[in-house]
Amino acid sequence: MKEILELGKKIVEEKIVNWLVGFIDLLPNLLIATFVIVVTLQIAKLLKKASLSLFEKFIDNVTIRRLFSILLYYFVVIEGILITLNILNLDETVTSLLAGAGIIGLGLSFAFQNIATNIISGIIIAVERPLRVGDLIEINEYMGVVKQIDLRVVHLKTFDGQIVLIPSKEIIENPFTNFHSTPGRKVKLEVGVSYAENLEFVQNVVRNTLMDLPYITYKDDMLINYTTFNESSIDFEVYFWINSNHQADYLMAKNKAIIEIKKAFDQNDISIPWPIRTIDFNIKGGKALSEQINHPFKNQADQNSKM
């Protein structure tokens, strides 16, 4: 039993000695590898910063510049890691890592599918540029100004001051309106007039009123179109263009147009009707309303007097 313990102790001591000798032999390489990885990270950061300034002279798209600088950064870092592993005599480890990268990449492709889709969509947005920083857009139920375009998301500032992050794939896959893609913006108004009005006269009044407003452009393209017979009014829509894409100007133009149309209607005795409701009192033909209302009370009074 004692001999077995002595043998085990000897084996452990030999292993510890071998580890220490191996560590001492590896120590110079370990110091060099640490130095290489630190220098690599610093060089990668400097190149990333310098490339942004360099690409700015040739590429006016900030998203593309960021993409190239990030790719350059990771390329330098990966090269530094490979050199470090080589210094540590871990070539076989590198081969194993590369062999396992395919399996790991397959698993990650499913786990990060949405992220990858958004990044690819961001690259498409950066190349095709359907929108830019400062554009006023409307997508789904959100409307606002584009403040920043990243590879994964688009930062949209709504009119109530909130920042909404729109995934890049939503921009690619769904229709959206870019109000800055045209030199102006179309305003739509919905108006209703009484059934008693002369509809052609109403059209002329509205058209002449809007023609006098200075901020309306493309006046020949103004459209006044009757749309439906409503419950208490005949409704029509008014379309006109303004020479601005800003939301504040759009709201101001719509507000001013409503005020001026109301003034013109008042001056020309054109009425905008209130909603009309018909109340059925269940009155038989030939009987007065007062008679029908008083009749139940009279019957009740007669019954009380008999009692």
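Below, the figures for the structure above:
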quantity: Residue in region 178-195 that is in contact (Cβ under 8 Å) with a residue 40 or more places away in the chain and under 13 Å from the mean Cα position of the chain (by Cα) present; calculated: yes
quantity: Segments classed as strands (runs of 3 or more DSSP E), wholly inside region 140-200, with at least 3 members that are over 25 Å from Glu237 (Cα atoms); calculated: 142-149, 153-158, 163-167
quantity: Within region 126-158, tally of residues that are more than 13 Å from the chain's Cα centre (by Cα) and of a type in the set (A, V, I, L, M, F, W, C); calculated: 3
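Bear in mind these aren't lab numbers, they're just calculated from the coordinates by the rules spelled out. Here the structure is a predicted model, which is why all the values come from computation and not from measurement. Because the Cβ atoms are built from the backbone with ideal geometry, glycine has one as well, and the counts that use them run over all protein chains shown.
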